[in-house]
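What follows is a set of notes on a single structure, which appears directly below.
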Amino acid sequence: MPTTAPAFSDATASDSALRRFLFGLPGVDAVGLEARAASLGTRSIKTTAKAYAIDLAISMIDLTTLEGADTPGKVRALAAKAVHPDPLDRTTPRTAAVCVYPDMVATATAALAGSGVKVASVATAFPAGRAALDVKLADVRDAVAAGADEIDMVIDRGAFLSGRFLKVYEEILAVKAECGTARLKVIFETGELSTYDNIRRASWLGMLAGADFIKTSTGKVATNATPANTLLMLEAVRDFRAQTGVQIGVKPAGGIRTTKDAVKFLVLVNETAGEDWLDNHWFRFGASSLLNDLLMQRQKLSTGRYSGPDYVTVD
């Protein structure tokens, strides 16, 4: 089974050691955090930079369908949109991935073969995470066997909030072991963690356990990605790399709907973690509706006309 980064092996030696480490992290200045996030969100960018930012944001999207009514036809249509987001302009970048439930992975894999677009799958009893560990691991195995390149798992928030940090850590380790070569995104559901201190602790817990990405939310609760909670997670991955040399990705998900929102998040990335994270290998948007607005804004920049919502396909 994988082990944590050598620099922090003592921190995960026992439940008490892990608790001491997590509660020894600096407390979050909530007022300062929110003020900095708001300040960075007011930055304006030139038209040429906006065009670059739009294409970058498109390339960072995990185009997602996670509904009970998902069908193979819907997944194939989403895959086609991921490969050619704007059928009338083949210079438009492809999205980073298509994200589906495990039973739809085979369909997505077939539809995206040879495209370079990744297949991501939620697992571990998404979105609540309320299942036995063997059921969660079977969920991951099924998705990986069907061809998933990436696994998005949810942590046991009940265990985390009741202070059973080693249980959460060991569960992430077990899921990571089942992923094989697939990259692992660990979802905290920040809207349920109550405090910024808890989000910082969850970020470090996920990174210590071998997450390839840390992710804000499932998109299934009232409070999802915000500039403040994403800024906090960007600070965590920046500090983790400074201490271990290991780079971890960040994925804000849910509630990011407009080009203006996306640009704000890209500014957060650049100003907090740095340019190394301005790449879809290290930063993603979990926001399907965002793509349509990005496409409309892209078309406006290239033609001078705002075409409206009929210009893009309806998800």
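The values are calculated or read from the model by the stated rules, or taken from the named source; none is laboratory data. As the structure is a prediction and not an experimental result, all values here were calculated from the model. No Cβ is skipped: glycine too gets one built from the backbone with ideal geometry, and neighbour counts run over all protein chains shown. Note: areas computed on protein heavy atoms with side chains; ligands, DNA, RNA excluded. Shrake-Rupley method; radii C 1.70, N 1.55, O 1.52, S 1.80 Å.
Taking the Cα centre of segment 248-303 as origin and charging only Cβ (+1 Lys, Arg; -1 Asp, Glu), how large is the dipole, in debye to the nearest 20? Let's see the in-between values first.
On the way: 7 positive and 6 negative charges, 63 e Å.
Rounded to the nearest 20 debye, it is 300 debye.
What are the principal axis extents of the Cα atoms in segment 138-202, in Å, biggest first?
Dimensions of segment 138-202 along the principal axes of its Cα atoms: 37, 19, 15 Å.
Going by a ≥ b ≥ c, the root eigenvalues of the Cα gyration tensor, does segment 1-134 fall in the rounded group (a/c under 1.5), the prolate group (a/b larger than b/c) or the oblate group?
Values: a/c = 2.44, a/b = 1.28, b/c = 1.91.
The shape class here is oblate.
Could you tell me how many degrees, from 0 to 90 and to the nearest 10, lie between the Cα long axis of helix 30-40 and the main elongation axis, the longest principal axis, of the Cα atoms of the chain?
Orientation of helix 30-40: about 20 degrees from the principal axis.
Taking a 21 Å limit on the Cα-Cα distance, which of the listed pairs 74/215; 118/167; 264/300; 46/185; 220/300; 118/176 fall beyond it?
Checking Cα-Cα distances, 74/215; 118/167; 46/185; 220/300 exceed 21 Å.
Give the accessible surface of the chain per residue, rounded to a whole number of Å², with probe radius 1.4 Å and ligands, DNA and RNA excluded.
Heavy-atom SASA per residue in the chain reads 42 Å².
In degrees between 0 and 90, to the nearest 10, how far off the longest principal axis of the chain does helix 227-244 point, with axes built from Cα atoms?
With rounding to tens, the tilt is 60 degrees.
Could you check how much of the accessible area of the chain is carbon and sulfur, as a whole percent, using a 1.4 Å probe?
53 percent
Return the Cα extents of the chain along principal axes one, two and three, sorted largest first, each rounded to a whole Å.
Principal-axis extents of the chain (Cα, largest first): 60, 43, 33 Å.
How large is the helix-only mean residue ellipticity at 222 nm for the chain, computed as the sum of -39500 (n - 2.57) over DSSP H runs with n ≥ 4, divided by its residue count, in deg cm²/dmol to the nearest 500?
Values: 12 runs with 147 residues, N = 315.
My calculation for the chain gives -14500 deg cm²/dmol from helical runs alone.
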